[in-house]
Structures are given as structure tokens and as C-alpha cells.
1. Write down the Kirkwood hydrodynamic radius of segment 96-197, to one decimal in angstroms, obtained as one divided by the mean of 1/r over all alpha carbon pairs.
2. Can you give me the distance in nm between label points at K57 and N158, each placed 7 Å from the Cα along the Cα-to-Cβ direction?
3. Ranked highest first by average number of other Cβ atoms within 10 Å, how do 236-243, 87-94, 312-319 line up?
4. Percentage of Cα-Cα pair distances in the chain greater than 31 Å, rounded to whole percent?
5. For segment 183-266, report the translational diffusion coefficient in µm²/s to the nearest whole number, using Stokes-Einstein at 10 °C, 1.306 mPa s, and a Kirkwood Rh over Cα pairs.
6. Carbon and sulfur: what percent of the chain's accessible surface (1.4 Å probe)?
7. Between segment 1-44 and segment 298-332, what's the alpha-carbon centroid distance in Å?
8. Starting from the amide H of K93, placed 1.01 Å from N in the peptide plane, find each other amide H under 5 Å away whose residue is 5 or more places distant or on another chain.
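The values are calculated or read from the model by the stated rules, or taken from the named source; none is laboratory data. Owing to the predicted nature of the structure, the values given are computational and were not obtained by experimental measurement. We place every Cβ from the backbone using ideal geometry, glycine too, and count neighbours over all the protein chains shown. Calculation scope for accessible area: heavy atoms of the full protein, side chains included, ligands and nucleic acids excluded. Shrake-Rupley method; radii C 1.70, N 1.55, O 1.52, S 1.80 Å.
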Amino acid sequence: MLLRKNSLEDTLIIEFSEPVKALSSTVLGGGFRELTHVVFHRVIEDFNDPNPENYAKELVREVGLPVETTAVFLTAVDVIREHVDREVKHPVKARIIATIGFTPLVCIGDKELIHKHATINILLVVDKNLSNNALVDIASLIGSLKTLALVDLGLSCNYHGRAYSTATDALIVASKKSGSREMYGGPVTDVGFTVSKLVYETIVEYGLRKLDLNTRFKNIFGVSIDWVVDTAVKLYMYAPIPSVAVDNVKKDIVRELSRLLKDPNIWALGLAARSLDYYGLAGTIPYLDKEEYLNDSKKILVDELLGIVLSIYVNGWKGMFSYYWIDRIKHQLKMFKDKPMFIDDLLASIIGSILSRVYDKYLE
């Protein structure tokens, strides 16, 4: 079952060498149906056509394809330069063609969506004759794999929890129409095993290539790198060093933070704190209910232990005392008030540790 790709401006066309049966959730060509073509089309980021199906039909007619047997993905990702195309041949031959964008991310209970459509669109073609049951199994499996990949990339919706999807994802699972039929596609089948590895690795590898440093920092620590720098400067002004220009101190803070962010130990502690906040928000930390977590329960010491570990690691006892100073005053500061239980201590520790190194430079 061969696929041929043809590129037009903002449009990638996939043509099957023979009709396939498919299960689809696309704006055009959805449901169980026979397909001859699949189209990936790039739209503007704030695309908000009230009738995307009609938009897709007009597009299909313009490129001369049959409306009845063509499915259409819409995305803000550059479908020509940024699409992913991977194939595996063992234990089952399968191919994935996808456009992957990570906005707008969706988390449980979060309704504050950004209207940008850089979605995760997946065409998965399996070189087997799959039953309808197997097509549904694989579609379900892709949803789980996508969520796991986003979690392992550390993606989140600020402080609302882990991201499990983007807002307008779509998929197509396609198979041959002939040959012996595969009745199931769950994770313990050869088909499911193949799909699991292929889909998960495709999303994770793309994310590791495309997510920049600030995006990854914000998803894990909940704030931007600029927030850390600006907050460190504001806290420094509580105890400035006479005759030292603030601009020079800010450059030192940026340099020290850049050095820290090249250390995997800092990221590991950040992931640990962030994960604990997720578990606290879900109410799944044993003997700590959600209400206690939200009220920053005094019986929890792990948040401060994480802060102590990081501060000592960065600058010994000086780092720890500087962290204590910030931890003592942070509840009076507006910039810390919305930060969750565990990550706020780690942010205070990072800033305190950096400031302690800056003070060392000028006061030695």
C-alpha cells in the first residue's frame, strides 16, 4: 500500500496507490469511510471559520481531488517544511505522517484556551487489513500515546495541571482493504505494539527538537526565564550593594541563570517539584487532600527540602541562607502569591542561590 506525496503552496497531498478503509476525526472525511487522498493544509494561527467543513470542501475542489474520498487536516503548522514522515517495518509495517504543534494545550479543568491552531494531526497507515474494532482500538491507543508523550515532554497549562492534548487535534487510522483481517489493535497485539512505539517516539523526538529553552522552562517551572531575572532584580533591590550599578547586577543574574540551566540537576529538581504540584492538585498524595494542598499545608516539609537541596548544590551554605531570606519574605510579595506549594520554593531557591553568587562576586 504505497503513499505518494505532492506539495502545493501551504498544502500537502497524500495519495494512496489504492483506496483504503479508514477511521477519521478530520473536519472533512470523518467517520468510517473509504479514502483515496489525505490533505494537510496550513491555515492562519487565528483561523476561526464557522464552517470548517465547507472551507475544506472548497479547498479539495480547488486542488482537483474527489470530495467524497478525501480527508482534510487543518493546522497552523508549516505542512510542507515541518511535517514528520516515519516508517517502521517490524513487527508490522506502518507509516506515520504528522504535523505537530503544541498550542493551544489543554488540561483538565482549564478553559483559558488561546485561539491558535498549531495542532497535532496524525495520519497513521498500517499495512494490514484492520477490522472496525481494530481501527477503534488504534485510535484509542493514539490518544493515550499522545497524552503520555506530552506529559513526558513536561507540557502543562500554567498551574492547571499536565497537558493531555491540544484543543483541535485530529487523526486518521488507515488500513488495507484486502488480506487476512486483524480483529484487534490493542497494545498487546503486534499492530498495537508497533503503533505505540511509532507514535510516542515521533511526538517526543519532534518536541525535543522544536521546543525552545524558554518554552520548556515555562512548562516545568510555570514562569518565563525573564520572570526569574526580573524577580531576582527586584529582590536584590531590598539589599543592594553600594556603588554597583543595577544593570551590571542584572547581567550577572542572567549569566548565572544561563549557567544553571545547562545543568540537568536543576531541571531534574524542577520536574520533581512540578510533579508533586500535579499530584497535590489531583489530591493523590497519600494523607494530603486537595484542600490541604491548596492551603499550603504546614505539615509538608518536602517543598522546603527541595529548596534547601538546590540552594546548597548551587552555592553551599551561602546559597541556603539566601534562599531562607527569600522564603521568609516571599509571602509578602505579589509575584509569589499565585505560585503552587512546591514550585514556589524551588523558584525562591533558584533566585536566592543566584543572588548569593552575585553577592559573592562583589563582596569577596
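1. Values: mean 1/r = 0.0689 Å⁻¹.
Radius from the Kirkwood sum: 14.5 Å.
2. Reported label-point gap for K57 and N158 is 4.0 nm.
3. Put in order of decreasing packing, that is 312-319, 87-94, 236-243.
4. Working: 30996 of 66066 pairs.
So the portion of pairs separated by more than 31 Å is 47 percent.
5. Working: Rh = 16.4 Å.
D = 97 µm²/s.
6. Answer for the chain: carbon and sulfur cover 54 percent of the accessible area.
7. That distance is 54 Å.
8. Under 5 Å from the amide H of K93: D127.
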